[in-house]
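Single-structure report; data block below.
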Amino acid sequence: MTSTLLRGRTLSFLRWPETVDDHSAWRYEDDGGLLLRDGRIVAADAYADVEKKADEGVKKIDHRPHLLLPGFIDAHAHFPQMQVIASYGAELLDWLNTYTFPEETKFQNAQHGRRIARLFLDEMVHHGTTTVAAYCSVHKESAEAFFAESHDRNMLNIAGKVMMDRNAPEGVLDTAQSAYDDSKTLIKEWHGKGRQHYAITPRFAITSSPEQLEMAGALCREYPDLHMQTHLSENHAEIAFTLQLYPQARDYTDVYERYGLLGRKSLFGHCIHLSEREADALSDTGSVAVFCPTSNLFLGSGLFDYQRYRRREKPLRIATATDIGGGTNYSMLRTMDEGYKVIALNGEKLNPFQSFWQLTRGNAEALSIVEKIGTLDQGSDADIVVLDARATPAMRLRMETADTLAEELFLLQTLGDDRAVREVYVAGRAMKTDMAV
Ligand SMILES: [Zn+2]
């Protein structure tokens with residue numbers, strides 16, 4: 001079996017970095033080597049040491065002076081919304097009704113779904129994202145299209161058919177029973193096939209009847225190792241409408257709690273306006289709050305209080321995400337730049353090591369898949385991004401005055417985008433070179 005030896009400046013995190021001087025939180029090699037074989041990293045160390053372990057016919061690729069990091073992870077995005085992104089002038093509920101739902105009706109056409117899934121995953125990889133937790137449309141065909149494209153690329157992705165049986169146009173509705181049946185068929189066909197993971201995906205409480213949330217809970221009990229993804233507490237009108245639809249619930253989180261949807265593999269998009277009780281309930285169950293800064297700013301939903309959620313007595317597990325197409329950029333670098341500003345508006349800061357921890361290991365931990373991805377550790381899947389902090393003239397100029405790794409990372413986050421992504425490896429395969437994405 002041929003193996004590949006990458007050379008460059010390698011950076012991988014061991015834990016949350018408290019400060020920019022918390023050196024034991026990460027591992028950085030100025031002249032690092034990664035030996036890849038059968039889609040995995042089989043050795044990671046100083047280049048001279050790794051080279052000794054390589055066999056004769058190893059393919060050597062020198063990425064110096066660029067940085068090699070684990071591929072970025074996007075914990076929440078909607079692949080059918082590529083032609084919704086950049087739609088003007090609405091808050092969440094109007095935005096869904098005016099733009100999103102009509103667009104998603106097109107995904108009953110399997111060919112359309114396949115085309116958009118292909119372009120979506122190309123876009124992800126092009127921006128350095130090697131794993132995404134994606135919402136498909138309500139149509140089973142859309143999930144089939146997504147998984148087929150994901151499997152072709154040998155990507156580790158998490159996705160599910162959206163369950164929604166009310167408060168939306170006919171063309172994007174299922175029923176409680178058909179949602180259960182279709183999800184089950186898709187789980188059997190795709191979950192665990194190659195690197196594919198299925199997520200039980202009720203869109204949110206407004207578009208699911210109590211019977212359907214009951215069915216989602218039943219699926220979670222039948223398949224306890226699956227992810228569950230939905231939306232929670234994004235916008236005030238959404239919260240008010242939810243409580244009107246579920247008058248017996250104590251609060252929005254309680255709607256999901258009642259149907260057994262909280263847990264360590266449950267991903268809740270947004271979580272902006274949580275009460276203390278709701279935050280406690282998420283924390284007690286190990287549920288994940290997903291921070292989507294560009295979406296929250298674009299739709300005017302509110303400011304996710306990242307540092308307070310992290311530091312509270314019962315801390316929240318947090319992931320970050322683009323939320324395409326409410327979100328406005330496919331790049332996780334752009335996303336963390338906006339995230340930094342949202343955190344700043346809450347009177348706090350996120351240092352660049354914390355930011356890149358979040359993009360890689362942090363999101364992998366939140367998705368409970370850190371044993372596979374999110375680090376450059378030996379044994380990890382070979383999902384790797386190669387970053388060039390001098391990718392544009394403005395970046396090159398600014399780099400003249402950047403002396404430390406922390407400054408370089410912050411520059412990449414603040415000025416960087418897909419142009420800074422020189423190469424992306426998915427399970428050891430060079431995607432920009434081999435697939436020209
Ligand atoms: Zn969303």
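The values are calculated or read from the model by the stated rules, or taken from the named source; none is laboratory data. For clarity, every value in this text was computed on a predicted model and none was experimentally measured. Cβ atoms come from the backbone with ideal geometry, glycine included; neighbour counts cover every protein chain shown. We work out accessible area using only protein heavy atoms, side chains counted, and drop any ligands, DNA or RNA first. Shrake-Rupley method; radii C 1.70, N 1.55, O 1.52, S 1.80 Å.
Once the dipole of the range 18-64 is set up with Lys and Arg at +1 and Asp and Glu at -1 on Cβ about the Cα centre, which of 28, 58, 44 lies farthest towards its positive end? Farthest along the dipole direction, towards plus: 58. Note on residue 51 and residue 368: the model spin-label points, each 7 Å out from Cα along the C-beta direction, lie 4.3 nm apart.
By DSSP, the beta bridges lying fully in the range 30-150 are antiparallel in about 55 percent of cases.
Amide H contacts for residue 160 (H built 1.01 Å from N in the peptide plane; partners 5 or more residues away or on another chain; cut-off under 5 Å): 134, 136, 199. Only protein heavy atoms count here; under a 1.4 Å probe, residue 215 has an accessible surface of about 40 Å². Roughly how many whole Å is it from the C-alpha centroid of the range 38-112 to that of the range 1-31? First find each Cα centre; the distance between them is then 20 Å. Residues whose amide H comes within less than 5 Å of that of residue 165, counting only those at least five positions distant or on another chain, are 174, 208, 209 (H built at 1.01 Å from N in the peptide plane).
Here is how the number arises for the chain: DSSP H runs of 4 or more residues each give -39500 (n - 2.57), the sum is divided by the residue count, and the result at 222 nm is -10000 deg cm²/dmol. Note on the range 364-437 and the range 230-252: Cα centroid distance 38 Å, given to the nearest whole angstrom.
Here the 3J(HN,Hα) profile of the range 272-286, calculated from phi with Karplus coefficients 6.51, -1.76 and 1.60 at θ = phi - 60°, is 7, 10, 6, 7, 4, 4, 5, 4, 4, 4, 5, 5, 4, 9, x Hz, Gly and Pro shown as x. Computed with a 1.4 Å probe on the full set of protein chains, the accessible area for residue 399 sits at about 20 Å². The residue among 132, 301, 97 whose Cα reaches farthest toward the positive pole of the charge dipole of the chain, with charges on the beta-carbon of Lys, Arg, Asp and Glu, is 132.
Placing +1 on the Cβ of every Lys and Arg and -1 on the Cβ of every Asp and Glu, with no other charges, gives the chain a dipole of roughly 540 debye about its Cα centre. Shape analysis of the range 1-115 based on the Cα gyration tensor places the equivalent ellipsoid semi-axes at 43, 22, 11 Å, largest first.
Just the Cα atoms of the chain, one point each, no solvent: what log10 I(q)/I(0) does Debye give at q = 0.07 Å⁻¹? Here log10 of I(q) over I(0) equals -0.32.
Simple rule: put +1 on each Lys or Arg Cβ and -1 on each Asp or Glu Cβ in the chain, find the dipole, and look at 72, 249, 274; the Cα lying farthest toward the positive end is 72. For residue 317, the residues 5 or more places off, or on other chains, whose built amide H falls under 5 Å of its own are 289. To put it simply, the accessible area of the chain at a 1.4 Å probe is 49 percent carbon and sulfur.
DSSP beta bridges confined to the chain are antiparallel in about 45 percent of cases. In a simple Cβ point-charge model (Lys, Arg +1; Asp, Glu -1; nothing else charged), the range 4-129 has a dipole of about 560 debye relative to its Cα centre. Averaged over its residues, the chain has an accessible area of 36 Å² per residue, based on protein heavy atoms and a 1.4 Å probe. For residue 140, a cut-off of 27 angstrom between C-alpha atoms picks up these lysines, skipping any fewer than 8 places away in its own chain: 106, 161, 184, 188, 193, 265.
Restricting the range 363-407 to GluC sites (Glu not before Pro) that sit in a DSSP loop and have at most 10 other Cβ atoms within 10 Å of their own Cβ leaves 400. The modelled label-to-label distance between residue 119 and residue 341, using points 7 Å beyond Cα along the C-beta direction, is 2.6 nm.
Sort out for me the Cα centre separation of the range 187-217 from the range 288-356, rounded to whole Å. After rounding, the separation between the Cα centres reads 25 Å.
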